[in-house]
Every structure is written in C-alpha cells, then in structure tokens.
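Here the structure is laid out as structure tokens; the discussion comes afterwards.
The values are calculated or read from the model by the stated rules, or taken from the named source; none is laboratory data. Keep in mind it's a predicted model, so treat the numbers as computed, not measured. Quick reminder, even Gly has a Cβ in these numbers, built from the backbone with ideal geometry, and neighbours come from all protein chains shown. Heads up: the accessible areas ignore ligands, DNA and RNA and are worked out on the full protein's heavy atoms, side chains in. Shrake-Rupley method; radii C 1.70, N 1.55, O 1.52, S 1.80 Å.
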Protein chains: 2
Amino acid sequence: MEPARRPGGRSARVRTAVHEAVLDLLSKEDWGSLSLAQVAERSGVHQATLYRRWRTLGALIDDVVTEQLSRGSPVPDTGTLRGDLEAYAVQVAADVAGPLGPLYVRAAQVGTRVQDDNQLYMMDRAVRLQGMLERAAARGESPPTLLELMEVVIAPLYYHAIFFNRPVGADHARTLVDRLLSLPR
Amino acid sequence: MEPARRPGGRSARVRTAVHEAVLDLLSKEDWGSLSLAQVAERSGVHQATLYRRWRTLGALIDDVVTEQLSRGSPVPDTGTLRGDLEAYAVQVAADVAGPLGPLYVRAAQVGTRVQDDNQLYMMDRAVRLQGMLERAAARGESPPTLLELMEVVIAPLYYHAIFFNRPVGADHARTLVDRLLSLPR
DNA sequence: ACTTTGAAGCGAAATTATTCGCATTAAGGA
DNA sequence: TCCTTAATGCGAATAATTTCGCTTCAAAGT
C-alpha cells in the first residue's frame, strides 16, 4: 500500500496528522469541496509534501479509507449464528451510514492501484465471514452461503445508504437477518 | 432541473453536443481524468459556456446521467409478475454493468441540487414499479412489496457491480427473482 | 556517536482552472 | 418583420493547483 523506505518517526507523525485532518475535514464538509490545500493547512504539513507522498487528493482519500477499513470492524463471535449475523449487520449499517460510509463506496469504484488494495480487503473480510459461517456449521447450525449473506443482508444495507441516504436502523438490520435465516435450504 | 429561459434552438444544440461529448469521453477514459477543457474541445463549445451553464464538471455529469436515466428503461409489462420481474432485473443488471453504470452510483452520492433531481427520479421509478406490482395484484397474483423488490433483487445487482465490478448475468438475475417470489407472505 | 540520505520545509515558478468584460448571435415574443 | 435580450463566443485577467530547486531535519544503519 505505501512502500515508504523510512516509515518511522517523523514520516509516521506526518501521516497521522494528515489522516486526522482528512477525517476531520470530511466530517464537516463533503469530499467534493475538499482540497489538498485545506488538508495542508489543517494538518500543518506542507502542501508540497502532500503532493510528493500522495500525488493526488483521490489517492490520499483512498489511503485514509484503506487505513480505516483495515483497522476496525472485527467479525463478531457471539456463540450463535443469529447473534453473529445480527451484530455484524448492525455494525455494517452503522459504518455505512457514518461520515465515511460514502467513501467506502467511492473507494470501491475508482482507482487503479487502490482497486487492488480494496480487492484484498474484500477478500480478507470475505475469509473472516466465511470463518463465521463455518463456526456455525461446526456447532451444528445450518448457515447460509457467503453469497447469500452478502446479497440478502449486506447489499440492502449499502443500497439504502447510497440511494436513500437513510441510515438503516438496528431493527431493520435484524429484519434482513431474519430473511436470510428463513431462506430455503 | 434546468430552468433555462430560452431552451430552444442553439441552446438545445449546445446541450446535445456537450452531452454527446461527455458520453463519448467517458466511454474512453474514466471520470477521474475528465476535465471541462476536454469536453469543450471535443464538443466545440467554448469553455466559458460550460462554466456558465453547468458551473462544475460534477454538475455537468449529473445532468448527463439524469438525462440518460430519464430517457431509457421503461418498466416492463409482460403479462405475468415473474415475466415483469425477470425482464426488469435483467435490464437493470445490464444498465448497471454498462459504461455509465458507475455514474448512476456516483450521481446518487454527491451533489446538492442534484440530490433532489435524483430523488425525484427515484420517486418516479418507484411509482412505476409500484404500478407493476399493482397490476400483478389486480391479476390475482400476490406480489411482494416494493421494499422487498428493491432489497432482494435490485440491491444485489448494484452491489455486485460496485464491489466486484462483475456483470451479473441474466441467469443470476433470475435467481434473485426466484428468491423474491419465494419469500414468505 | 557518526554518516548517509530519504523525507520534509520553504517559497517561487510554471501550469491549469475559473472568472470577467465585452462583442456577437439568434430565440422568443410583439 | 422587428425588438429585446438570453445565450454564446472570444480573449484576457484572475485565481487556483501542481511542480521545482534548494535547504534543513532526522531515521536507519554502522
């Protein structure tokens, strides 16, 4: 993702400051009116540095998003399939409705290099979810497939966020899980 | 959408030329490397005109997308619920996988004024789909709700297009329709 | 510690994007 | 047909973005 040859100390501090500035600015105004100049001022990092390290605003945002994605959101392990699914659904609903929800979508769309990173992240998440389903199977439950999970629960959560800009409540998220679990098998 | 006080003749020709140029350029390169200057050159319309009429590149693209959306894609009326649903699903799958599929998503995300336009379009489409479902009910079939249609069929189509950049085939679209029709009611 | 050198700071220069003023064209209505 | 004036064309002015050359700082290896 970022092959810095000298990743420690100052570079790390700069990176942190810049990321914080981006998230900060992004929570106030939308990413259409965001500029590298603003990020430079807010973070106290010189503009030329931003251009040298990230090249474009888009690449910087992608870096931030990837960072955020890779840090948070562990797949839950509550002991029951329904518990896991509900926890996960509610969490995704919250994430996607949050300030950087739109960025997830954007990051998935654009980009060249980032596309790869994003694919990697998706793969990783898919593997973890697969693990969740397999744990359920090991307990004797009969879980849905990963594809069904994505289509019946996750896709609608994103859809609502994108097209209706409406946060999906926990109750509605649970309805989706109900639907998934009542699928014929 | 565009309250032009003098919509005919030259203005219309300019608008058409510009829209064509945008679609043309967009089919070649992605919308990250698109600029108003390019559109001006390709269309033969002066750059200042583009700025005056559309203000920003984003607004122009939104205008193009809205135009495209409003023209095509009539809701099918095949005589059976399943026929209507399958035809519609296949059509959406094709649209969203096409060259300006990503733009639909983008248009839904950004924007201030456009948000309204988009909402209007969504409303309009929702009304037509609602009509489709009501026709089925009138025939004695027991159709799903509009919400179920959107969540079970449409949302997964968009999800696949956005996150996997993979066109959903007609067969898979039909699988989604099957799932919708086998929902408990 | 000391050295090497990648990364950051700084301001100016080059480039690109956006706006402005004015002249010209042609819609739309009388 | 003629008038009025919105819309466009045109080029210059202004503003913004992006790059450059150079200096300074400090990470990583010895």
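Per the conditions (1) polar (S, T, N, Q); (2) modelled with pLDDT under 90; (3) within 28 Å of A:ASP124 (Cα to Cα), the sole criterion not satisfied by A:SER33 is (3).
Please tell me if A:ALA4 is at pLDDT below 80, exposed (fewer than 14 other Cβ atoms within 10 Å of the Cβ) and over 22 Å from the mean Cα position of the chain (by Cα). Here the answer is yes, as A:ALA4 does meet what is asked.
A quick yes/no check of all residues on (1) within 12 Å of DNA strand C (Cβ to nearest atom); (2) in a loop (DSSP other than H, G, I, E, B); (3) assigned by TED's automatic domain parsing to the domain that holds B:VAL105:
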{"site": "B:ARG13", "(1), (2), (3)": "yes, no, no"}
{"site": "B:THR16", "(1), (2), (3)": "no, no, no"}
{"site": "B:HIS19", "(1), (2), (3)": "no, no, no"}
{"site": "B:VAL22", "(1), (2), (3)": "no, no, no"}
{"site": "B:SER27", "(1), (2), (3)": "no, no, no"}
{"site": "B:ASP30", "(1), (2), (3)": "no, yes, no"}
{"site": "B:GLN38", "(1), (2), (3)": "yes, no, no"}
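When A:MET132 is tested against the conditions (1) surrounded by 15 or more Cβ atoms within 10 Å (Cβ to Cβ); (2) in contact (Cβ under 8 Å) with a residue 12 or more places away in the chain; (3) within 11 Å of chain B (Cβ to nearest Cβ), the lone failure is (3). Within segment A:48-58, the presence of at least one residue that is within 16 Å of DNA strand C (Cβ to nearest atom) and at pLDDT below 90 is confirmed. For segment B:160-173, the criterion of being more than 10 Å from chain A (Cβ to nearest Cβ) and touching a Ser or Thr at 6+ places or on another chain (Cβ under 8 Å) is met by no residue. Please verify whether B:VAL45 is at pLDDT 95 or above and within 11 Å of DNA strand C (Cβ to nearest atom), treating the condition exactly as stated. When the stated conditions are applied, B:VAL45 does not pass them. Take the conditions (1) within 16 Å of DNA strand C (Cβ to nearest atom); (2) closer than 28 Å to A:ALA161 by Cβ; (3) of a type outside the set (Gly, Ala, Ser); (4) open to solvent by less than 50 Å² (accessible area, probe 1.4 Å); A:VAL92 misses just one of them, which is (1). Within segment A:59-85, being within 14 Å of chain B (Cβ to nearest Cβ), open to solvent by 20 Å² or more (accessible area, probe 1.4 Å) and either within 16 Å of DNA strand C (Cβ to nearest atom) or not in a helix (DSSP H, G or I) (or both) holds for one residue alone: A:ALA59. Please specify each residue of segment A:144-185 satisfying the condition of being surrounded by fewer than 22 Cβ atoms within 10 Å (Cβ to Cβ) and assigned to a loop (DSSP other than H, G, I, E, B). Residues satisfying the conditions are A:PRO144, A:THR145, A:ASN165, A:ARG166, A:PRO167, A:GLY169, A:SER182, A:LEU183, A:PRO184, A:ARG185.
Scanning segment B:27-58 for residues that are within 14 Å of chain A (Cβ to nearest Cβ), of a type outside the set (Val, Ile, Thr) and open to solvent by 30 Å² or more (accessible area, probe 1.4 Å) yields B:GLU29, B:ASP30, B:TRP31, B:GLY32, B:SER33, B:SER35, B:ARG55, B:LEU57.
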